[in-house]
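The values are calculated or read from the model by the stated rules, or taken from the named source; none is laboratory data. Bear in mind the structure is a predicted one, so any value in this text is a computation, not a measurement. Using ideal geometry, Cβ is built from the backbone for each residue, glycine included, and neighbour counts are taken over all protein chains shown. Please note that ligands, DNA and RNA were not included when accessible areas were found on the heavy atoms of the full protein model with its side chains. Shrake-Rupley method; radii C 1.70, N 1.55, O 1.52, S 1.80 Å.
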Amino acid sequence: KSPEVKVRGVSHRDIFKIISKITKVDHPSLLQGSSHECVGWEPIGTLEDQGKCQVNVPHLNKETKTDLGSCRCTYSALELDSIGLCFAMVKLMYTAGCLQPLPKLINLLLPLRVNQDLHLTTIRNEHAYFTCISHVLKRFKAPLTERKERKVIYFCADSHAMAPAWQTLELKGVEYVIKPMVVTGLKCWHLRAESRFYTKVNFENAVENIPDNSLVIFGFGEIDCREGLLIAVAQNKYPNLNKAIECCVSIYISALEEVVMEKNLEAYVHPIVPVLDATRDTLTKFTNHLRNRLKDSTRLKYLDFFPKLLNKDGDGLNPLYELDGTHLSPAYVPLIQEAMEHVSE
């Protein structure tokens with residue numbers, strides 16, 4: 001509707017040309033890289049700010065006097081909206097399995113990130129997803145070129161569903177592909193019974209689209225550790241961090257068990273991802289409590305590989321799994337397979 005809108009020489013018309021002939025965004029050929037409706041796969045170019053955190057950490061911002069309204073960004077509000085729209089489109093295409101044209105789109109959009117501090121703007125969420133997907137696809141060997149049927153494992157999570165998405169693993173001789181079911185911004189706290197916050201509604205919609213009797217991995221809690229728990233304790237909503245974690249974990253487990261019963265799911269719970277140095281202590285306490293609580297659950301199986309995500313000293317992320325300073329690399333997927341095999345024995 002607005003083909004001439006242009007930011008730094010990149011117009012909506014340029015974007016639309018890449019996708020205009022795609023008739024079904026989730027067609028298997030776009031995942032396999034064999035579609036004739038769009039450009040072919042190509043290498044992704046240089047990524048700026050590699051390893052730099054692209055998400056908001058409130059208590060860290062306060063300590064470092066980071067002002068979300070003060071950054072190097074020179075774009076107007078309209079230009080930011082235009083870029084954010086394009087970033088959101090990349091996210092939607094990726095989650096649908098429309099991988100083949102994404103490198104072309106990403107390479108067209110990457111220059112718009114340079115020296116703009118987009119992680120401090122109104123489109124910081126869209127930018128975080130775009131950055132993660134760009135890093136994942138840069139390391140992707142290629143789309144799933146083999147034309148064969150695979151069973152599906154659904155990965156229901158926040159942005160941490162991006163890295164393992166569309167990777168394959170093998171369980172008991174059967175090959176599976178990981179399909180992302182993304183619930184952007186969901187905290188475990190949002191899942192409490194009385195909540196009608198939009199992220200909880202999105203969670204309900206995502207779960208509704210998971211077929212009954214499916215294999216599902218749930219992966220939430222990182223945002224609670226980054227944005228919720230310490231703030232709640234500072235506001236005297238809990239006497240201490242342990243009580244806050246205990247409450248949050250109870251809400252999380254209750255919500256998941258209810259879903260599992262309703263849909264007869266074979267459900268696994270992913271450990272919280274320990275990428276950010278600033279939140280690792282809180283996150284480790286949360287993970288330990290979650291692990292201990294799930295020992296008594298008959299409906300949820302905990303994937304116990306959290307220590308393997310850390311370096312040998314246990315005080316940082318294992319460099320094998322570094323990606324963009326915020327998310328894990330797809331290289332960690334074999335840990336999922338190993339843990340699932342172990343709990344299924």
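Of the peptides 21-29, 182-190, 280-288, the ranking by mean beta-carbon count within 10 Å, highest at the top, reads 182-190, 280-288, 21-29.
If we count every other residue with Cβ under 12 angstrom of Phe87's Cβ, Lys/Arg +1 and Asp/Glu -1, where does the sum land?
Working: positive: Lys91, Arg113, Arg124; negative: Asp81, Glu126.
That works out to +1.
When both bridge partners sit in the chain, DSSP labels roughly 30% of those beta bridges antiparallel.
If you average the sequence gap of Cα pairs under 8 Å that are 6 or more apart and divide by the length of the chain, what percent do you get for the contact order?
Answer for the chain is 17 percent.
Which percent of the accessible area of the chain is formed by carbon and sulfur heavy atoms (probe 1.4 angstrom)?
Details: 8220 of 16450 Å².
That fraction is 50 percent.
May I ask for the distance between the Cα centers of the stretch 224-296 and the stretch 16-49, given as a whole number of Å? Computed from Cα coordinates, the inter-centre distance equals 37 Å.
The stretch 118-142 and the stretch 298-345 have Cα centres spaced 21 Å apart.
In the context of the full set of protein chains, the chain has a per residue accessible area of 48 Å² (1.4 Å probe).
Under 12 Å from the Cβ of Pro101, count the other residues' Cβ atoms, weight Lys and Arg +1, Asp and Glu -1, and hand me the total. It would help to have the intermediate numbers written out before the result.
Values: positive: Lys17, Lys21, Lys104; negative: Glu37, Glu42.
Local net charge: +1.
Is the stretch 151-343 rounded, prolate or oblate when judged by the Cα gyration tensor, a ≥ b ≥ c being the square roots of its eigenvalues, rounded requiring a/c under 1.5 and prolate requiring a/b larger than b/c? Oblate, since a/c reaches 1.5 and b/c is not below a/b.
When each of the peptides 330-339, 122-131 is scored by the mean number of other C-beta atoms lying within 10 Å of its residues, the order from highest to lowest reads 122-131, 330-339.
Could you sort 199-206, 226-233, 291-298 so that the peptide with the highest average Cβ count within 10 Å comes first and the rest follow in order?
Values: 199-206: 16.4, 226-233: 19.6, 291-298: 12.8.
Listed from highest to lowest mean packing, they are 226-233, 199-206, 291-298.
For the stretch 151-343, the relative contact order is 22 percent, taking Cα pairs closer than 8 Å that sit 6 or more residues apart in sequence and dividing their mean separation by the residue count. Residue by residue through the stretch 221-234, what is 3J(HN,Hα) from phi via Karplus (6.51 cos²θ - 1.76 cosθ + 1.60, θ = phi - 60°)? Round to whole Hz and write x for glycine and proline. Once rounded to whole Hz, the list reads x, 5, 6, 4, 5, 8, 10, x, 5, 5, 5, 4, 5, 5. Estimated from helices alone, the mean residue ellipticity of the chain at 222 nm is -11500 deg cm²/dmol (sum of -39500 (n - 2.57) over DSSP H runs with n ≥ 4, per residue).
So in the stretch 150-278, what percent of DSSP beta bridges are antiparallel if you round to the nearest 5? All intermediate terms of the calculation are to be shown ahead of the outcome.
Values: 4 of 20 bridges.
That works out to approximately 20 percent antiparallel.
A simple count of charges around Gly9, restricted to other residues whose Cβ falls under 15 Å of its Cβ and scoring Lys, Arg +1 and Asp, Glu -1, yields +2.
Multiplying the sequence separation of Asn209 and Ser11 by 0.36 nm and subtracting their Cα-Cα distance, what value in nm do you get?
Details: separation 198, 0.36 × 198 = 71.28 nm, distance 3.44 nm.
In short, 67.8 nm is gained.
Remark: for residue pairs Lys24/Lys138; Lys151/Lys301; Lys104/Lys308; Lys138/Lys295; Lys138/Lys187; Lys148/Lys172, the C-alpha separation exceeds 26 Å in Lys104/Lys308; Lys138/Lys295; Lys138/Lys187.
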